[in-house]
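The values are calculated or read from the model by the stated rules, or taken from the named source; none is laboratory data. Bear in mind that the values here come from a model prediction, so they are computed numbers and not experimental data. Cβ coordinates were reconstructed from backbone atoms using ideal geometry, including for glycine residues, and neighbour counts include every protein chain displayed. Protein only, heavy atoms only, side chains kept; ligands, DNA and RNA dropped before computing areas. Shrake-Rupley method; radii C 1.70, N 1.55, O 1.52, S 1.80 Å.
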Amino acid sequence: FGIVAKLVVCQDVMAVYTLTIDLVARARRGEGPFFVELMTYRYHGHHVGDINRTYYRSKDEEAEWKETRDPITLFGAWLAKEGVATEDELAVVRDTVKADAKKAVEYALDAPYPDTLEVDMHVFAEAQDA
């Protein structure tokens, strides 16, 4: 179909960024459509109940990916290496994000359940003729 296809490993933030910049420029030049496949590693199961994932990967594999291939850690290391941010600045960012996430979870857990009359609010669907 003449569609350019690209594959990028999402563990590498800079590779995703570079590809995005290139493809946006390509689109702006009117060079046609493109397809991007973004490969990443999912640290958690498909759903809350998918806790024991050893049937498709080992705990050692998960640990190795978290320790050596985590995109946040890798990007932080790149920022430090390039002099964009110091380790201390990155630690402040990490601590701030963790505190914000903790506050958000606490807020959600403490929030009252909505009234049952609100169950269909902001839900839009067209009736289909049978």
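Below, the figures for the structure above:
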read-out	value
The range 24-80, subset of a type in the set (Lys, Arg) and outside any helix (DSSP H, G or I), residue most open to solvent (accessible area, probe 1.4 Å)	ARG29
Residue that is modelled with the lowest pLDDT, among those in the range 85-130 that are of a type in the set (S, T, N, Q) and either over 17 Å from ILE72 (Cβ atoms) or not in a helix (DSSP H, G or I) (or both)	GLN128
Residues of the range 1-23 satisfying the condition of being open to solvent by 50 Å² or more (accessible area, probe 1.4 Å) and assigned to a loop (DSSP other than H, G, I, E, B)	PHE1, GLY2, ILE3, ASP12
